Structure formats: C-alpha cells, structure tokens
Amino acid sequence: GAVLLAVLLPTFMSLGLWQWRKAETKTRLQTELDARSHDAAVLMPASPVDAEALRHRRVILRGTFDTSRQFLLDNRLHQEQAGYHVITPLRIAGSDMHVLVNRGWLAAPANHQVIPVAEVPAGEVELTGIAVMPPSRFFNLMPQPASGWEAVWQNHDLERFRQSVSYPLQPVIIQLDPAAPGGFTRLWPRPDERADRHRSYALQWFGFAVSSLGIWGYFLVRRP
C-alpha cells in the first residue's frame with residue numbers, strides 16, 4: 001500500500017498542478033489582452049518587431065494583400081459548424097516586410113474536397129486588429145509537404161510559411177477587428193476560455209491525492 005501510495009500521490013499532485021498552471025496561464029493572458037487591447041493602436045512597423053512586446057496590442061495595418069500566398073486553416077469550428085480560418089499575408093506599405101492577417105472564419109462546403117473561394121480586397125488597405133503569438137506546438141494529422149504550395153493547412157506553422165516565401169515576415173499574426181473591412185466571421189476565442197474547467201480538473205486530481213492518502217491511512221489504522 002505504501003509503495004502504491006508513493007506512486008499515486010505525486011502523480012495526482014503533478015497532474016493537478018499541471019491543470020492549475022494551465023488555468024493561471026490562460027487567466028494571465030486574458031488580463032494582458034484586456035489591458036493592452038484598450039491602449040492606443042500602434043502602427044505596424046516595417047522593421048522586425050519583438051513579438052512579446054507587441055502581443056495583444058491593437059495595431060494599424062497599411063499595405064496590400066499577397067493573394068498568391070493566402071491559405072486556409074482547416075478544422076476551425078464556429079457554432080459547431082466546420083470551416084476554415086482565412087490567413088492572408090499583407091505587405092506593409094513602403095517596405096518588403098509582410099505580416100500574416102487572420103481575416104476570420106469561412107464555412108466549409110458540404111463536400112470537403114471543394115475548397116471555398118475567399119475573396120481578397122484589391123489595392124492598398126488600412127485595417128486594425130490585435131497582434132497574437134502563433135502557436136509553437138501543434139500536431140499534424142498527416143505529413144506536411146516539404147515543397148510546393150498547399151491552399152489548405154492543418155496548423156498555423158509560421159516557420160513553414162517563412163520558408164515558403166522570399167520576403168521577411170513579422171513574428172506575430174493579426175486577428176482582424178470585427179468591424180474592419182475585408183474579413184469574414186470574427187468571433188475570436190478568449191484566451192481564458194475553459195480556464196474554469198482546468199481548475200475543476202485540478203481540484204479533482206488534488207481530491208484523488210487526498211482520497212488516496214486517506215484510504216491508505218484508514219487501512220493502516222485498521223491493521224491488527
């Protein structure tokens with residue numbers, strides 16, 4: 001029993017702390033977003049930026065879209081309907097620097113083999129949005145092509161995109177404001193989404209740890 005407890009107790013505590021840290025991280029990001037997104041908007045610079053310094057800040061974009069390198073992020077849900085996020089690179093005016101713009105959610109056709117057409121505004125545009133960090137960890141359901149261009153991607157792999165183009169790229173992604181023109185459905189998820197569920201999971205794991213200790217103590221006392 002003691003050996004079993006020595007295995008279960010740290011395991012349950014470790015899982016509980018893992019879930020609690022996930023909840024705290026999401027809450028911290030939401031607090032940061034609430035604070036920074038209400039600051040005055042900054043003009044997206046043409047020189048490389050520090051992604052951490054720009055994260056969750058409202059930015060102004062001026063430039064033209066690169067339609068040749070637009071792609072769709074697959075398996076994005078909106079109100080339980082399958083669709084895509086439309087990702088379009090924008091060339092910042094007066095430079096060769098580009099930044100990826102998430103223009104929102106687009107419904108998938110009934111036949112998933114058909115790729116929907118996502119119209120792109122022509123000419124120079126001025127837009128506003130929130131700068132977010134691209135995910136650093138993701139899982140691909142199938143091997144990604146080493147060369148060539150794909151219109152549909154499984155994940156937002158910024159490094160893969162950077163290797164497929166010849167121009168410099170900012171290390172952030174801009175989530176287009178709901179009121180900005182040239183986009184699709186934009187109900188962006190909150191960073192603290194499901195934070196309460198993570199805390200609930202953490203309390204369950206802590207409860208398992210306490211129960212295991214109590215059961216072991218009960219049978220220890222009952223021994224002749």
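Things to note:
- Matching residues, the stretch 127-178, being among the aliphatic types (A, V, I, L, M), at pLDDT 90 or above and out of contact with any strand residue (DSSP E or B) (no Cβ under 7 Å at 6 or more places or on another chain): VAL165
- Residue within the stretch 61-80 that is in contact (Cβ under 8 Å) with a residue 12 or more places away in the chain, farther than 24 Å from ALA151 by Cβ and in contact with a strand residue (DSSP E or B) (Cβ under 6 Å, 6 or more places away or on another chain) present: yes
- Of the criteria (1) in contact (Cβ under 8 Å) with a residue 40 or more places away in the chain; (2) touching a Lys or Arg at 6+ places or on another chain (Cβ under 7 Å), which one ARG36 fails: (1)
- Residue tally, condition closer than 12 Å to GLY16 by Cβ and in contact with a Pro (Cβ under 8 Å, 6 or more places away or on another chain), over the stretch 173-224: 0
- Per-region count, the stretch 1-48, residues closer than 16 Å to THR128 by Cα and part of a helix (DSSP H, G or I): 2
- GLY123 being open to solvent by less than 80 Å² (accessible area, probe 1.4 Å), assigned to a loop (DSSP other than H, G, I, E, B), under 23 Å from GLU80 (Cβ atoms) and modelled with pLDDT of 85 or more: no
- Residue selected from the stretch 198-224 under the condition open to solvent by 100 Å² or more (accessible area, probe 1.4 Å) and more than 17 Å from PHE12 (Cα to Cα), by the criterion modelled with the lowest pLDDT: PRO224
- The set of residues in the stretch 42-96 that are among the acidic types (Asp, Glu), within 18 Å of the chain's Cα centre (by Cα) and open to solvent by less than 50 Å² (accessible area, probe 1.4 Å) contains only ASP74.
- Positions within the stretch 158-168 being surrounded by fewer than 18 Cβ atoms within 10 Å (Cβ to Cβ) and out of contact with any Asp or Glu (no Cβ under 7 Å at 6 or more places or on another chain), in sequence order: GLU159, ARG160, ARG162, GLN163, SER164, VAL165, SER166
The values are calculated or read from the model by the stated rules, or taken from the named source; none is laboratory data. Since we're looking at a predicted model, the values are computed, not measured. Heads up, the Cβs are rebuilt from the backbone with ideal geometry, glycines too, and the neighbour counts pull from every protein chain shown. Please note that ligands, DNA and RNA were not included when accessible areas were found on the heavy atoms of the full protein model with its side chains. Shrake-Rupley method; radii C 1.70, N 1.55, O 1.52, S 1.80 Å.
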